[in-house]
Amino acid sequence: MITTPRTTRHRLAVGTMAAVTAVLLVGCTAGADAPGSGGQAATRPASETPTDPTAAPGPGPVAPTTDATAVTVAADAVPTDVATDLAAPWSVVRLDTGSSFVSLRDTGTVLELLADGSTREAGTIDGVVHEGEGGLLGLAVLAGSPSYLYAYATTADDNRVVRAPITGEVGSYGLGEQEAVITGIPKASNHDGGRIAFGPDGMLYVTTGDANQRPNAQDPGSLGGKVLRATAIGGVPDDNPTPGSLVYSLGHRNPQGIAWDATGAAWAAEFGQNTYDELNALEPGANYGWPEVEGRGEDAGFSDPVLQWSTDDASPSGLTAVGTTLYLAGLGGEKLFEIQVAPGSEAVPTELLAGDSSLGRIRDVLPGPDGTLWLVTNNTDGRGTPSAGDDRIVSVPLTPVP
């Protein structure tokens, strides 16, 4: 356990919908030789799709809680099924209309999950190539007229972020014409990263792996082994750490979790090699050391993790925040980590559900409705041992910390 000095940490101001809309309309372009462009420009639409002022706003993501209350999984919590019989699910994004979108890694399919637990196919992301850990990975939604579904996808040539307008309504959501937002992220059969999320500042954050090429992580000209920060159309924000570069932080091996707690502090989780998995306090321009350092290196040139675990204990994937409490999905460790990170206090991790053999590998975690937490299992991805009904999304109740 170590103290998280929040007064010196970078905080993101909580954005409003106006700020989110603004990034749709304004963005810098990354030149072909810009740092962090990997030798090619970040691909985005030539012009933003016009917003129809007469159209009703489309579905948006469920707004994160800004209540700085610490929560905990109820002591007597028993996981209950939300959805079952899913094939290698990777990411879930809940909508303010009551439906959710679920990505299926191997097929490139996006499911609509309805409030009653039933699912239907909403569409398929074009060009997805599944090999090893690659395929259709993270999802995010940006509200507007139209609203867009964003997806991180492995193709024959690269990893990339694409988006498609959301069509239809609850029970009949579909995807319109797909367009690229960021291309040229290195791909491999492993270490593909893949989590995407819009931060409180309205910018798009993308976690990328080193694609099994360790030098990528320390190379400022590569998009691999990084956390990227972009406008909604793939441009470089004016206030990124390096002008003209999408790179927000570097020195990452395979980060698959990113979240902001109720104070606006940013966090990232990543897989280690053979020694330590990490939870990092995410800072603009920071270097997290890979491959020079794994875990805490006590090296002034690199940022040490706030927490670290043996790679057998954790293998962290999805990360979310509810108030000032973080939840980390333990994939290989087959457990859930609850981490209390109140400002000025120590980061305190607790292992939960470790003995629940009905869950197995946990790929993602996110706030559910009505004070619950959703967990996404990942036993059908080729590395787990599926049980009847796998894979599944389950719910556990949360309660305020006394």
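Would you check if Ser303 is assigned to a loop (DSSP other than H, G, I, E, B), touching an Asp or Glu at 6+ places or on another chain (Cβ under 8 Å) and not acidic (Asp, Glu)?
Details: assigned to a loop (DSSP other than H, G, I, E, B): yes; touching an Asp or Glu at 6+ places or on another chain (Cβ under 8 Å): yes; not acidic (Asp, Glu): yes.
Yes, satisfied.
Of all the listed residues (Ala115, Ala188), the sole one being hydrophobic (A, V, I, L, M, F, W, C), farther than 23 Å from Leu366 by Cα and out of contact with any strand residue (DSSP E or B) (no Cβ under 8 Å at 6 or more places or on another chain) is Ala188.
Results for (1) under 21 Å from Ala321 (Cβ atoms); (2) aromatic (Phe, Trp, Tyr), shown as yes or no for each residue.
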{"site": "Pro64", "(1), (2)": "yes, no"}
{"site": "Ala68", "(1), (2)": "yes, no"}
{"site": "Pro79", "(1), (2)": "yes, no"}
{"site": "Ser91", "(1), (2)": "yes, no"}
{"site": "Phe101", "(1), (2)": "yes, yes"}
{"site": "Leu104", "(1), (2)": "no, no"}
{"site": "Gly108", "(1), (2)": "no, no"}
{"site": "Leu114", "(1), (2)": "no, no"}
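Among the residues of this structure, Ala230 counts as one that is buried (at least 24 other Cβ atoms within 10 Å of the Cβ) and not basic (Lys, Arg). List the number of the failed condition for Thr377; all other conditions in (1) buried (at least 19 other Cβ atoms within 10 Å of the Cβ); (2) at pLDDT 95 or above; (3) within 29 Å of Asp239 (Cβ to Cβ) hold. That leaves (3) as the condition not met. Looking at Pro349, Pro397, just one residue is assigned to a strand (DSSP E or B), touching a residue at least 40 places away in the same chain (Cβ under 8 Å), surrounded by fewer than 23 Cβ atoms within 10 Å (Cβ to Cβ) and under 21 Å from the mean Cα position of the chain (by Cα), and that residue is Pro349.
Can you find even one residue in region 263-271 that is among the hydroxyl-bearing types (Ser, Thr, Tyr), over 27 Å from Pro237 (Cα atoms) and in a loop (DSSP other than H, G, I, E, B)?
At the first step, the residues of region 263-271 found to be among the hydroxyl-bearing types (Ser, Thr, Tyr) are 263.
Then keep just the ones that are over 27 Å from Pro237 (Cα atoms); that gives none.
Checking region 263-271: not a single residue is among the hydroxyl-bearing types (Ser, Thr, Tyr), over 27 Å from Pro237 (Cα atoms) and in a loop (DSSP other than H, G, I, E, B).
For region 73-112, enumerate the residues that are at positive phi and surrounded by 19 or more Cβ atoms within 10 Å (Cβ to Cβ). Scanning region 73-112 gives Ala88, Gly108. Among the residues of region 352-373, those that are assigned to a strand (DSSP E or B) and touching a Lys or Arg at 6+ places or on another chain (Cβ under 8 Å) comprise Leu352, Ile362, Leu366, Pro367. Looking across region 198-231, the residues that are within 16 Å of the chain's Cα centre (by Cα), of a type outside the set (A, V, I, L, M, F, W, C) and outside any loop (DSSP other than H, G, I, E, B) come down to Tyr205, Thr207, Lys226, Arg229.
Take region 212-223 and flag every residue that is surrounded by 24 or more Cβ atoms within 10 Å (Cβ to Cβ), touching a residue at least 40 places away in the same chain (Cβ under 8 Å) and under 12 Å from Asn254 (Cα atoms). Ala217 - this is the single residue of region 212-223 that is surrounded by 24 or more Cβ atoms within 10 Å (Cβ to Cβ), touching a residue at least 40 places away in the same chain (Cβ under 8 Å) and under 12 Å from Asn254 (Cα atoms).
In the condition set (1) in a strand (DSSP E or B); (2) under 18 Å from the mean Cα position of the chain (by Cα), Gly184 is compliant with all but (2).
Restricted to strands (runs of 3 or more DSSP E) entirely inside region 52-105, those with at least 1 residues that are without any contact (Cβ under 8 Å) to a residue 40 or more places away in the chain and in contact with a strand residue (DSSP E or B) (Cβ under 8 Å, 6 or more places away or on another chain) are 100-104. When residues in region 113-129 are screened for being surrounded by fewer than 22 Cβ atoms within 10 Å (Cβ to Cβ) and either part of a loop (DSSP other than H, G, I, E, B) or acidic (Asp, Glu) (or both), 9 of them pass.
When region 166-205 is filtered for residues that are β-branched (Val, Ile, Thr), under 16 Å from Val110 (Cα atoms) and buried (at least 24 other Cβ atoms within 10 Å of the Cβ), the ones remaining, listed by number, are Ile166, Ile196. Checking the conditions here, which among Glu294, Glu283 is closer than 19 Å to Gly224 by Cα, out of contact with any Leu (no Cβ under 8 Å at 6 or more places or on another chain) and free of Cβ contacts under 8 Å to residues at least 60 places away in the same chain? When all the criteria are applied, what remains is Glu294. Any residue at all in region 242-260 that is farther than 23 Å from Ala151 by Cβ, touching a strand residue (DSSP E or B) at 6+ places or on another chain (Cβ under 6 Å), touching a residue at least 12 places away in the same chain (Cβ under 8 Å) and buried (at least 24 other Cβ atoms within 10 Å of the Cβ)? Within region 242-260, one or more residues are farther than 23 Å from Ala151 by Cβ, touching a strand residue (DSSP E or B) at 6+ places or on another chain (Cβ under 6 Å), touching a residue at least 12 places away in the same chain (Cβ under 8 Å) and buried (at least 24 other Cβ atoms within 10 Å of the Cβ).
Every residue, every condition in (1) among the β-branched types (Val, Ile, Thr); (2) modelled with pLDDT of 95 or more; (3) surrounded by fewer than 22 Cβ atoms within 10 Å (Cβ to Cβ), yes or no:
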| site | (1), (2), (3) |
| --- | --- |
| Gly289 | no, yes, no |
| Glu292 | no, yes, yes |
| Phe302 | no, yes, yes |
| Thr311 | yes, no, yes |
| Thr325 | yes, yes, no |
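The values are calculated or read from the model by the stated rules, or taken from the named source; none is laboratory data. Note that the structure is predicted; figures quoted are calculated from it, not measured. Methodologically, a virtual Cβ is constructed for each residue, glycine included, from the backbone with ideal geometry; neighbour enumeration extends over all protein chains shown.
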